[in-house]
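*Asks:* Here it is: the structure, laid out below.
The values are calculated or read from the model by the stated rules, or taken from the named source; none is laboratory data. As the structure is a computational prediction, the values presented were derived from the model and not from experiment. We work out accessible area using only protein heavy atoms, side chains counted, and drop any ligands, DNA or RNA first. Shrake-Rupley method; radii C 1.70, N 1.55, O 1.52, S 1.80 Å.
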Amino acid sequence: MTHGKTSYVCLSRRVSYKQPYGQDRERICPRCAEPLSHAGSAFAAPRRRDTAAWRTLSVLLHAGVGFHKSCCGGPGFRPRGLREVRERLAYAERSGEPVARALKRYDVP
């Protein structure tokens with residue numbers, strides 16, 4: 001059985017690396033030697049100079065929201081900008097909904 005690849009990112013260097021599944025070890029950035037964050041197999045990295053997209057990604061990954069394929073093919077909705085992140089964080093605070101779940105909401109009531 002062959003294993004696919006998944007993405008790991010270095011948020012400080014704004015780089016992404018595809019690496020094989022199934023290796024239970026810490027992944028280290030070859031540029032800065034800091035640990036890489038697991039982003040998932042359905043992750044597509046933003047351009048390095050798109051600082052707002054990388055800030056959005058940082059919030060998502062730190063909240064435990066990854067980009068993993070589901071049975072339907074994709075990871076589902078993920079905020080694409082800081083405005084959408086702020087809306088969902090505010091909703092989580094006022095509703096008590098967990099941040100990770102609020103960040104994955106397509107619509108905020």
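*Asks:* Over the stretch 27-109, with every protein chain in place, what whole percent of the accessible area is carbon and sulfur at 1.4 Å, could you tell me?
*Replies:* C and S atoms contribute 49 percent here.
*Asks:* Taking amide H atoms as placed 1.01 Å from N in the peptide plane, list the residues 5 or more away in sequence, or in a different chain, whose amide H sits under 5 Å from that of Ala39.
*Replies:* Placed amide hydrogens put Ser7, Tyr8, Val9 under 5 Å from Ala39.
*Asks:* Accessible area per residue for the chain in Å², computed with a 1.4 Å probe and the full protein assembly in place, what is it?
*Replies:* 65
*Asks:* What is the diffusion coefficient of the stretch 49-109 in µm²/s, taking the Kirkwood radius over Cα pairs and the Stokes-Einstein relation at 20 °C with a viscosity of 1.002 mPa s?
*Replies:* In µm²/s, the coefficient rounds to 180.
*Asks:* How much accessible area does Ser37 have with a 1.4 Å probe, in Å² rounded to the nearest 10?
*Replies:* 40
*Asks:* Take every Cα pair under 8 Å in the stretch 6-109 that's 6+ residues apart, average their separations, divide by the length, and report that relative contact order as a whole percent.
*Replies:* It rounds to 21 percent for the stretch 6-109.
*Asks:* Using amide H atoms built in the peptide plane, which far-off residues or other-chain residues are under 5 Å from Val108 H to H?
*Replies:* Residues meeting the amide H criterion: none.
*Asks:* By how many degrees, between 0 and 90 and to the nearest 10, does the Cα long axis of helix 51-62 differ from the longest principal axis of the chain?
*Replies:* Approximately 90 degrees, to the nearest ten.
*Asks:* Go through Ser12, Ser41 and list them by solvent-accessible area, largest first, probe radius 1.4 Å.
*Replies:* Accessible-area ranking of Ser12, Ser41, largest first: Ser12, Ser41.
*Asks:* Along its three principal axes, how long is the chain when you only count alpha carbons? Whole Å, largest extent first please.
*Replies:* 42, 33, 22
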